[in-house]
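Q: Questions regarding the structure given below will be posed in turn.
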Amino acid sequence: MIVKMPFMPVKFNLQKRVKLAQGLWMIYWLSVIVGILIFSLGIFFKIELRKRSEMMDSNESHLVPNLLILVGLMACGLNAFGGKVCHDSLDPMKFAKWKPMLRSYLLLCCGFNGLLLLTAVLCFLMQFAVYLTLAEGLKNSIKFYKDTDTPGRCFMKRTLDMTQIEFRCCGNNNFRDWFEVQWISNRYLDMSNDLVKDRVLSNVEGKYLMDSVPFSCCNPGSPRPCIQHHLTNNSAHYDYDHRIEELNIWTRGCREALFSYFSSMMNSIGMLILATIILEVRLHPQHTTMEDPENPECESDGWLLEKGVKETFGELFSKMKILGKKNQVDEGGDAEATT
Amino acid sequence: MVLMSVKFDLKKRVKLAQTVWFMYWFAVMGGVLVFSMGLFFKIELRKRSELMDNNESHFLPNLLILMGLIACGINAFGGKICYDSLDPNKFVKWKSMLKSFLVLCMVLNSLLFITALLCFLTRIPLQFTLAEGLKNGMRYYKDTDTPGRCYMKRTLDLMQMEFRCCGNENYRDWFEIQWVSNRYLDFGAKEVKDRIGSNVDGQYLMDGVPFSCCNPSSPRPCIQNQMTNNTAHYSYDHYTEELNVWKRGCRDAMLSYYGGLMNTIGALVLLVTILEVAVTIGLQYVNSSLSTLANPEDPESESEGWILEKTVKETFTDIMATMKSMGKGTKVEEGGEAAVATVS
């Protein structure tokens with residue numbers, strides 16, 4: 001004879017049950033608010049990715065924000081439903097109609113928690129993808145900086161300038177990235193000038209390279225007016241040594257700046273989701289006590305699982321095996337019928 | 001002859017009290033809103049106080065904060081009174097002070113209205129403060145080694161980038177002052193000596209602007225130096241060039257920013273004032289309906305509610321008469337005292 005050994009049993013009388021139901025109802029409403037928060041964070045993250053999509057080569061993956069939006073909506077719905085069930089559990093007649101679907105609802109909640117866990121893991125792992133996309137995207141941005149007359153790229157200059165100003169960075173890895181690229185359009189170069197001709201001929205690809213950076217690299221905190229041109233030529237400027245000058249232009253690279261911004265955002269969202277999982281898991285123990293007897297005033301038992309953890313798993317597996325065998329028998333029967 | 005009287009039975013009275021209680025909670029939130037707007041405006045003024053020559057008047061944000069707190073307190077108290085009005089026993093203790101409370105509410109409403117008006121008018125003094133402050137800001141731009149002014153350059157640069165403006169009226173203001181510190185000028189160079197010798201004050205003036213004036217939307221890299229010299233740059237005509245640097249002056253830009261902010265705050269304060277007037281009228285109805293019960297012992301009896309017991313004209317003459325009698329009362333007392341003094 002198998003003895004029923006509930007997992008973490010607790011005794012309940014009517015008062016305790018009422019208190020439990022009320023407490024649970026409050027937690028459900030808190031969870032609904034958290035669900036709304038996750039939804040709005042997903043939208044915020046999506047908007048941020050869109051804003052910088054030019055820097056990411058229009059190649060960024062929207063998987064994480066879409067998943068966040070979906071999870072937020074599901075959390076709202078499930079928890080609102082749970083709150084309604086809790087509210088009705090105080091009235092035995094209303095509760096009767098919810099009783100049959102309670103079990104499947106609990107299974108759904110378990111599945112939802114698994115999905116939350118997956119989302120949190122993705123939040124932490126997708127940062128690598130963002131890093132790689134940024135590296136590629138910024139390199140191309142710098143290359144297309146001068147193409148203000150090419151359709152599709154005419155706003156790259158403005159976007160890159162605003163990004164460098166906002167994030168206080170210069171270039172991809174550092175400001176020297178600007179020395180390797182021609183960032184002045186040919187339309188504004190006087191090709192008959194000797195200086196221009198020298199520079200263009202000085203490299204294989206015929207690019208007009210200079211040791212200068214755009215104005216958006218300038219640091220407003222510098223005590224002297226910004227030195228943008230002839231950065232490596234100490235004699236071109238009075239009292240200037242480019243090796244020790246630190247405040248003139250931003251020394252950080254934009255890839256690092258953008259990545260740290262996005263990574264801190266994703267870490268915070270991941271932490272919030274982990275906290276949500278903990279909140280959701282705490283709700284489960286209380287669910288199973290909502291099995292009311294006929295007499296509402298008598299005592300009852302509450303538990304987390306009806307049998308021990310091992311036995312519950314054993315049951316689940318045997319059920320799945322039976323389902324599998326049934327399919328095989330069906331197929332066998334079909335095969336016989338056809339022959 | 002009462003002003004706008006309405007008949008009330010128990011049910012209607014209860015509904016009235018509940019509605020006014022509900023409206024009082026909205027009014028409390030309105031008070032919180034006024035308080036936070038005052039706080040926000042104060043912070044915004046502080047942020048730019050360097051550019052206003054540390055001379056800006058904090059009168060209006062302080063007034064908003066004070067009014068917000070007072071409104072919260074009075075509305076919470078009014079809500080409590082409404083809540084108690086449903087229970088005749090509890091209401092008895094409030095009955096006596098209700099009239100003075102209502103007068104206090106009316107004073108508060110008029111103060112709120114005056115605050116809203118001030119919000120719309122504050123643009124004028126702000127204009128003068130900004131004009132003076134920006135002129136000095138630009139003059140001290142180069143003094144990055146003078147204590148007390150060393151952050152002026154950064155503040156001005158950040159402001160020009162944020163508000164998308166250049167100079168006081170326009171970018172030519174930068175041509176009239178020396179914005180490069182002497183520490184970075186090579187006085188041995190001929191060019192520097194020429195420029196300094198070219199004007200009475202011995203200032204190094206140039207037709208150039210700081211980098212923060214540059215417009216990122218310009219299709220060509222920013223031209224900051226030798227702006228009025230067309231031959232210094234390829235394919236450049238400074239008369240027709242519009243996208244190179246910001247065309248707007250910073251005084252205009254900041255004035256429109258603060259003006260918009262003040263208009264919004266003024267409009268919101270007006271809305272809160274209207275809400276306050278509504279709850280005051282509601283409370284007056286609650287008061288009058290509970291004080292005119294046909295049968296004072298029976299809470300279910302009918303009653304009448306009004307805004308003013310007599311018509312507006314009569315109420316006004318009443319108030320004037322009360323004030324005159326109060327004045328005469330003090331005069332008579334003085335006369336009496338004088339008589340007593342002379343006698344003795």
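The values are calculated or read from the model by the stated rules, or taken from the named source; none is laboratory data. The model shown is predicted, which means the values in this text are computed figures rather than measured ones. Because the Cβ atoms are built from the backbone with ideal geometry, glycine has one as well, and the counts that use them run over all protein chains shown. Protein only, heavy atoms only, side chains kept; ligands, DNA and RNA dropped before computing areas. Shrake-Rupley method; radii C 1.70, N 1.55, O 1.52, S 1.80 Å.
Q: Residues of segment B:190-208 being hydrophobic (A, V, I, L, M, F, W, C) and either in contact with a strand residue (DSSP E or B) (Cβ under 6 Å, 6 or more places away or on another chain) or open to solvent by 30 Å² or more (accessible area, probe 1.4 Å) (or both), which ones?
A: Once the filter is applied, which keeps residues that are hydrophobic (A, V, I, L, M, F, W, C) and either in contact with a strand residue (DSSP E or B) (Cβ under 6 Å, 6 or more places away or on another chain) or open to solvent by 30 Å² or more (accessible area, probe 1.4 Å) (or both), segment B:190-208 yields B:196, B:200, B:205, B:206.
Q: Sticking with this one: How many residues are open to solvent by 50 Å² or more (accessible area, probe 1.4 Å) and within 29 Å of the chain's Cα centre (by Cα) if we restrict to segment A:112-143?
A: Total meeting the criteria: 10.
This table checks each residue for (1) among the β-branched types (Val, Ile, Thr); (2) out of contact with any helix residue (DSSP H, G or I) (no Cβ under 8 Å at 6 or more places or on another chain); (3) surrounded by 16 or more Cβ atoms within 10 Å (Cβ to Cβ).
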| site | (1), (2), (3) |
| --- | --- |
| B:26 | no, no, no |
| B:30 | no, no, yes |
| B:34 | yes, no, yes |
| B:38 | no, no, yes |
| B:43 | yes, yes, no |
| B:46 | no, yes, no |
| B:63 | no, no, yes |
| B:72 | no, no, yes |
| B:84 | no, no, yes |
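Q: Here's another thing I want to ask about it. Are any residues in segment A:98-137 at pLDDT 80 or above and of a type in the set (D, E, K, R), and if so, which ones?
A: Across segment A:98-137, the qualifying residues are A:103, A:136.
Q: Can you find a residue in segment A:243-254 that is modelled with pLDDT under 90, within 13 Å of chain B (Cβ to nearest Cβ) and in a loop (DSSP other than H, G, I, E, B)?
A: Yes, that holds for at least one residue.
Q: Can you spot a residue in segment B:253-272 that is polar (S, T, N, Q) and within 14 Å of chain A (Cβ to nearest Cβ)?
A: No: segment B:253-272 contains no residue that is polar (S, T, N, Q) and within 14 Å of chain A (Cβ to nearest Cβ).
Q: Still on this structure, please answer the following. Residue by residue through segment A:149-168, note down the ones that are facing chain B (nearest Cβ under 10 Å), of a type outside the set (A, V, I, L, M, F, W, C) and surrounded by fewer than 20 Cβ atoms within 10 Å (Cβ to Cβ).
A: A:149, A:158, A:159, A:166
Q: Exactly one condition in (1) open to solvent by 20 Å² or more (accessible area, probe 1.4 Å); (2) part of a helix (DSSP H, G or I); (3) hydroxyl-bearing (Ser, Thr, Tyr) is not met by residue B:57; state its number.
A: Failing condition for residue B:57: (2).
Q: Let me ask something else. Taking the criterion of being loosely packed, with under 15 Cβ neighbours inside 10 Å and either at pLDDT below 90 or out of contact with any helix residue (DSSP H, G or I) (no Cβ under 9 Å at 6 or more places or on another chain) (or both), would at least one residue in segment A:34-49 satisfy it?
A: There is no residue in segment A:34-49 that is loosely packed, with under 15 Cβ neighbours inside 10 Å and either at pLDDT below 90 or out of contact with any helix residue (DSSP H, G or I) (no Cβ under 9 Å at 6 or more places or on another chain) (or both).
Q: Among the residues of segment B:1-40, how many are more than 28 Å from the chain's Cα centre (by Cα) and within 20 Å of residue B:60 (Cα to Cα)?
A: 0
Q: Against the condition polar (S, T, N, Q), within 35 Å of the chain's Cα centre (by Cα) and facing chain B (nearest Cβ under 9 Å), how does residue A:216 come out, does it pass?
A: So residue A:216 fits the description; yes.
Q: Within segment B:215-242, how many residues are more than 10 Å from chain A (Cβ to nearest Cβ) and closer than 21 Å to residue A:229 by Cβ?
A: Adding up the residues that qualify gives 9.
Q: Scanning segment A:171-183 for residues that are touching a helix residue (DSSP H, G or I) at 6+ places or on another chain (Cβ under 8 Å) and within 13 Å of chain B (Cβ to nearest Cβ), which turns out surrounded by the fewest Cβ atoms within 10 Å (Cβ to Cβ)?
A: Checked segment A:171-183; the qualifying residue surrounded by the fewest Cβ atoms within 10 Å (Cβ to Cβ) is A:181.
Q: If you take the residues of segment B:311-321 that are open to solvent by less than 80 Å² (accessible area, probe 1.4 Å) and within 26 Å of residue B:279 (Cβ to Cβ), which of them is modelled with the highest pLDDT?
A: Residue satisfying both the conditions and the ranking: B:318.
Q: How many residues are within 14 Å of another protein chain (Cβ to nearest Cβ), surrounded by 21 or more Cβ atoms within 10 Å (Cβ to Cβ) and outside any helix (DSSP H, G or I) when one looks only at segment B:141-165?
A: Keep residues of segment B:141-165 that are within 14 Å of another protein chain (Cβ to nearest Cβ), which gives B:141-147, B:149-164.
In the following step, the residues that additionally are surrounded by 21 or more Cβ atoms within 10 Å (Cβ to Cβ) were identified as B:141-142, B:152-153, B:156-157, B:159-161.
Next, only the ones that are outside any helix (DSSP H, G or I) stay: B:141-142.
Result for segment B:141-165: 2.
Q: If you don't mind, another one. Within segment B:227-263, how many residues turn out to be open to solvent by less than 30 Å² (accessible area, probe 1.4 Å) and part of a loop (DSSP other than H, G, I, E, B)?
A: Looking only at that region, the number is 5.
Q: Please identify the pairs in which a residue from segment B:279-291 that is basic (Lys, Arg) has its Cβ atom under 6 Å from the Cβ atom of a residue that is not in a helix (DSSP H, G or I), counting only partners at least 6 apart or on another chain.
A: Close Cβ pairs satisfying both conditions: none exist.
Q: Additional query: Would you confirm whether any residue within segment B:202-223 is without any contact (Cβ under 8 Å) to a residue 24 or more places away in the chain and among the polar types (S, T, N, Q)?
A: Scanning segment B:202-223, I find no residue that is without any contact (Cβ under 8 Å) to a residue 24 or more places away in the chain and among the polar types (S, T, N, Q), so the answer is no.
Q: May I ask you to list the residues in segment A:72-98 that are open to solvent by less than 90 Å² (accessible area, probe 1.4 Å) and of a type outside the set (A, V, I, L, M, F, W, C)?
A: A:72, A:77, A:79, A:82, A:83, A:88, A:89, A:91, A:92
Q: Out of the residues in segment B:166-183 that are within 14 Å of chain A (Cβ to nearest Cβ) and within 18 Å of residue B:243 (Cα to Cα), state the one that is nearest to the chain's Cα centre (by Cα).
A: Within segment B:166-183, the match that is nearest to the chain's Cα centre (by Cα) is B:166.
Q: Pick from segment A:184-213 the residues that are more than 10 Å from chain B (Cβ to nearest Cβ) and of a type in the set (Ser, Thr, Tyr): which of them is surrounded by the fewest Cβ atoms within 10 Å (Cβ to Cβ)?
A: A:202
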